[in-house]
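Working notes, beginning with the structure itself.
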2 protein chains.
Amino acid sequence: MAFMISQRAFIKLYLITMVEKHQEYGYQMLESMKGEFKSYGYVPPQSEVYRALHELVQEGILYRTKKLKGSDPRVDFQEIVLYHFTDGGADKAKLYKEQIKADLDRCLGILHKAEQDNY
Amino acid sequence: MAFMISQRAFIKLYLITMVEKHQEYGYQMLESMKGEFKSYGYVPPQSEVYRALHELVQEGILYRTKKLKGSDPRVDFQEIVLYHFTDGGADKAKLYKEQIKADLDRCLGILHKAEQDNY
DNA sequence: TAATGAACAATATGTTCATGG
DNA sequence: CCATGAACATATTGTTCATTA
């Protein structure tokens, strides 16, 4: 067992939740996380977010589609990558989240213990 | 700012506290931590404990002395390395602990937020 | 076995660069 | 600037080996 939860796993957890909420593409998820954690001095790096998305695809939880962002293709040709749950992906995701929950609890326990033991 | 506290920093925190308690040599500290965290499924690796001790020496917080473990040198020749605070080391250690405290709080906040946001 | 240390291998992460619209 | 991705460099770990008594 590792010491703390990895950043990768932590980000995947948020990505899954964001896909559940149909907040569907990478840049959006990245900016969303940046905003959420700004006050904690934690800036999730772009590379990790994309790597995490790729991993979730590798693991068969998500699949990708592409579309043009704007409604009018004459104005906005920006192609974005959307992520959705595969068949069975939602279940896998649920299982994954359960495992992460246990790990988060474990980490919270360890950190809390450290505060008790050392201060 | 990093995502989570590093294992290295976490171990150093415990080492400092153990030196404060005159639990003074490496192997002893290692075994102590192993015992403390057994129920968390976390096994602090030997290499990290020694590396952390070496770093604390490099940073001028601790210094080393050696002695034979047993009281009777005819029976027990095992040489052990004892760690003590240098002049000013205790103050540096106190400062270090304050910084780690802030980081522990920050990590607890992040993990707690993750549980609220995703479950 | 207790005790310390170093070497080596694998991962995880951070930073920078590249691309296109 | 938005959006995605890859490359590169470094830091952090985990595992194994070496040594002494």
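The values are calculated or read from the model by the stated rules, or taken from the named source; none is laboratory data. In this text, all values refer to a predicted model and were calculated from it rather than measured experimentally. Every residue, glycine among them, receives a Cβ derived from its backbone with ideal geometry; neighbour counts consider all protein chains shown. These accessible areas exclude ligands, DNA and RNA; they are computed on the full protein's heavy atoms, side chains included. Shrake-Rupley method; radii C 1.70, N 1.55, O 1.52, S 1.80 Å.
Computed values, structure above
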{"read-out": "Three-way shape label, segment A:1-86, alpha-carbon gyration tensor, a/c 1.5", "value": "oblate"}
{"read-out": "Listing of segment A:35-51 residues, each with accessible area lower by at least 50 Å² in the full protein assembly than in the chain alone (probe 1.4 Å)", "value": "A:Tyr40, A:Tyr42"}
{"read-out": "Heavy-atom surface of segment A:1-117, accessible at 1.4 Å and reported per residue (Å²)", "value": "54 Å²"}
{"read-out": "Shielding by partners, peptide A:94-103 (average Cβ within 10 angstrom, other chains)", "value": "1"}
{"read-out": "Net dipole in debye of segment B:7-114 [+1 Lys, Arg Cβ; -1 Asp, Glu Cβ; about Cα centre; nearest 20]", "value": "180 debye"}
{"read-out": "Accessible surface buried upon A-B contact (total; probe 1.4 Å; Å², nearest 100)", "value": "3200 Å²"}
{"read-out": "Hits among lysines - C-alpha to C-alpha of B:Lys38 under 23 Å, sequence gap 8 or more where chains match", "value": "A:Lys101, A:Lys113, B:Lys12, B:Lys21, B:Lys101"}
{"read-out": "Neighbour-limited loop hits for trypsin sites (Lys or Arg not before Pro), segment B:6-57 (at most 16 other Cβ within 10 Å; DSSP other than H, G, I, E, B)", "value": "B:Lys21"}
{"read-out": "³J(HN,Hα), Karplus 6.51/-1.76/1.60, whole Hz, each residue of segment B:29-44, x for Gly, Pro", "value": "5, 4, 4, 4, 5, 4, x, 4, 9, 3, 6, 9, x, 10, 10, x"}
{"read-out": "Segment B:55-64 - phi-based ³J(HN,Hα) in whole Hz, Karplus 6.51/-1.76/1.60, Gly and Pro as x", "value": "4, 5, 6, 3, 7, x, 8, 10, 10, 10"}
{"read-out": "Sulfur and carbon atoms: percent of accessible area, segment B:7-114 [1.4 Å]", "value": "51 percent"}
